[in-house]
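For reference, the structure discussed in these notes is given below.
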Amino acid sequence: MTTRVLIADDQEMVRAGFALILAAQPGIDVVAQCADGVEALEAARRLRPDVALLDVRMPRLNGLEVTRRLAGPGVLDPVRVVVVTTFDLDEYVHAALRAGACGFLLKDAGPTLLVEAVRAAAAGESLISPAITVRLLQRFAAAAPAPDSRAGEMLSERELDVVRLVARGGTNAEVGAELFISLGTVKAHLSSVQTKLSARNRVEVAAWAWENGVVGPTGGTDGPA
């Protein structure tokens, strides 16, 4: 199946560069290039792309607000949004993820990560720039209150195993290989976890794991008793 992508950035060269990279990939079709947030919102609602790549700072309507309107809480048929920006600011990362984005990339992440982020989003997974990931998770852990020993009680032991690996950035395929289970089983566990935690995506699952001490900063996988 072809993944249909919308690109929104106020810099024409950035839009054109992303479009060239993505259009050269098999199975990816760039269906729109937008210069501001209002144009992006209207095009996304009209064209229903599989993935929207949104810059943060855009005229008329910023990318975070566009993300919230396309993928945020209460949106019945959300678009998968990957935020791509020049600005490596924690407040942007948190705001984008809370608004419903399923990925966050820096513009200098390179063509490979750009393509991987689009494919991950289309597959229902998430990708965050490696330069941001460790700092983001450390901040979740540092800002979290004392771990709740009951946090994992609603999840089965296998679901907790999946959550711990997801919280450390594992893809579905990597989680399956680590736990010796099929890709379909990983997806089923994640779907169950998201329902139980009322999490919209795997990023929120990872945040919950770090905030509740299900996975710790030392690199171990010991969860709450």
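With a/c under 1.5 counting as rounded, go ahead and sort region 3-128 into rounded, prolate or oblate using the C-alpha gyration tensor (a ≥ b ≥ c being the square roots of the eigenvalues; past the cut-off, prolate if a/b is larger than b/c, else oblate). Rounded is the answer for region 3-128, as its axis ratio a/c remains below 1.5. Put a plus charge on the Cβ of each Lys and Arg, a minus charge on the Cβ of each Asp and Glu, and nothing anywhere else: the dipole of region 1-114 about its Cα centre is then about 360 debye.
Shape call for region 159-217 from the C-alpha gyration tensor, a ≥ b ≥ c root eigenvalues: rounded (a/c under 1.5), prolate (a/b greater than b/c) or oblate? In terms of gyration-tensor shape, oblate.
Expressed as a whole percent, the accessible area of region 22-107 that falls on carbon and sulfur atoms is 49 (1.4 Å probe).
The values are calculated or read from the model by the stated rules, or taken from the named source; none is laboratory data. Computed from a predicted structure; not experimentally measured. Counting neighbours? That spans all protein chains shown, and the Cβs are built from the backbone with ideal geometry, glycine included. Accessible surface is based on the protein model in full, side chains and every heavy atom, while ligands, DNA and RNA are left aside. Shrake-Rupley method; radii C 1.70, N 1.55, O 1.52, S 1.80 Å.
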